[in-house]
Amino acid sequence: MIDHILVPLDGSSLAECVLPHTVAVGQALGAKVTLLRAVVREATPGSRAVDPLSWHMRKSEADSYLTELAEKLREAGLTVKTVLVEGRPPERIIAYAREEDVGLIILSSHGKSGLSRWNISSVVQKVILQAYSPTMIVRAYHPCPEELTGLRYERLLVPLDGSQRAECTLPWAKSLAEFHESKIVLTHVVNRPEVPRRAPLTEEERELVDRLTELNREKGEAYLEDVKARLGPIAEAHLLVSDNAAAALHQLHDDEDADLVVMAAHGYSGQGRWPYGSIALNFIAYGSKPLLMIQDVPPEEAAMTEAEKAARERAGH
């Protein structure tokens, strides 16, 4: 599936919340791990120049920090290397992930800038919108296990919309579930058709909505049973009927006490011009548990935004 996991760190305890998850995922997938830290050259206060001695000390401290954490992960059974790069973290993380063909990036929702009212930091936002790589977000505002090897996933929530595109999550979920002896909670939401009207629906219109909803419910139920049969006893199925798919999934997530959401970046209605569909974006912005997003759009197929085009033109590219 993948053989290389990238774990960016910034020296903060908040960012280190990813380490138990790195062990839990790395062991399950049998992947090597790269710990990366990006350091930025900063001028001496009151001057435009960078103090060489101070800069050398910062790099040495960052390198020692990575080396110490790498040794702990090796003791947990992982194959680990460290990389120290110069430059702004988002750009360097994205560049390294692409250059080294990284299979998964594991990010802490917050780092040295501290917790905030926003569900993810600006660095995380930039990385997930530009990396076009499978990415895992660990919520730094939840307590972190003290032992690196003590984390086990018990219930994996896997939303599906009936498309083959969304099923790209299944190999990941199966590998994790088999290793951790956990349950895969397969979920399909049947959306009630929207019929915008200024006046209440007529009886005929309500019957039409009900018939279509029932048809989709029957098809969805059969689909979930088929996927469940393919996965075997590690899976269970939940069919939901709702006016709002995202709200229904969040509610099920809470009711089932799932400790990891495994979600495709796009479903049947998703477009490659954007890195994520509406449901994935909703869970990035409002989810409260670890989120593993499987990206199906490679960087070379992604459409450039107007902001990207303008930035490249101004940079002379």
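List of remarks:
- Picking from residues in the stretch 252-274 that are over 23 Å from residue 25 (Cα atoms) and in contact with a helix residue (DSSP H, G or I) (Cβ under 6 Å, 6 or more places away or on another chain), the one that is modelled with the highest pLDDT is 267.
- Output for the stretch 103-115, where each listed residue is over 14 Å from residue 9 (Cα atoms) and surrounded by 22 or more Cβ atoms within 10 Å (Cβ to Cβ): 104
- Filtered by the rule that a residue be farther than 25 Å from residue 1 by Cα, open to solvent by less than 60 Å² (accessible area, probe 1.4 Å) and in a loop (DSSP other than H, G, I, E, B), the stretch 254-312 gives 287, 288, 303.
- Selected residue (criterion: nearest to residue 148 (Cα to Cα)) from residues of the stretch 56-69 that are surrounded by fewer than 17 Cβ atoms within 10 Å (Cβ to Cβ) and of a type outside the set (Lys, Arg): 68
- Residue satisfying all of: in the stretch 157-192; exposed (fewer than 14 other Cβ atoms within 10 Å of the Cβ) and either touching an Asp or Glu at 6+ places or on another chain (Cβ under 9 Å) or without any contact (Cβ under 8 Å) to a residue 24 or more places away in the chain (or both); nearest to residue 231 (Cα to Cα) among these: 181
- Filter result (open to solvent by less than 70 Å² (accessible area, probe 1.4 Å) and free of Cβ contacts under 8 Å to residues at least 60 places away in the same chain) within the stretch 78-100: 78, 80, 82, 83, 84, 85, 87, 90, 94, 95
- Among the residues making up the stretch 209-251, a single one is in contact with a helix residue (DSSP H, G or I) (Cβ under 9 Å, 6 or more places away or on another chain), assigned to a helix (DSSP H, G or I) and of a type in the set (Val, Ile, Thr): 227.
- Filtered residues of the stretch 116-151 (kept if open to solvent by 50 Å² or more (accessible area, probe 1.4 Å), of a type in the set (Lys, Arg) and under 16 Å from residue 286 (Cβ atoms)): 117
- In the stretch 228-253, residue surrounded by the fewest Cβ atoms within 10 Å (Cβ to Cβ) [restricted to those that are among the charged types (D, E, K, R) and under 20 Å from residue 164 (Cβ atoms)]: 230
- Tally, over the stretch 87-115, of residues that are of a type in the set (Lys, Arg) and within 15 Å of the chain's Cα centre (by Cα): 0
- Test: residue in the stretch 193-204 that is open to solvent by 20 Å² or more (accessible area, probe 1.4 Å) and polar (S, T, N, Q): yes
The values are calculated or read from the model by the stated rules, or taken from the named source; none is laboratory data. All figures in this text were calculated on a predicted structure; none of them were measured in a lab. Reconstructed Cβ throughout: ideal geometry from the backbone, glycine too, with neighbour counts over all protein chains shown. Please note that ligands, DNA and RNA were not included when accessible areas were found on the heavy atoms of the full protein model with its side chains. Shrake-Rupley method; radii C 1.70, N 1.55, O 1.52, S 1.80 Å.
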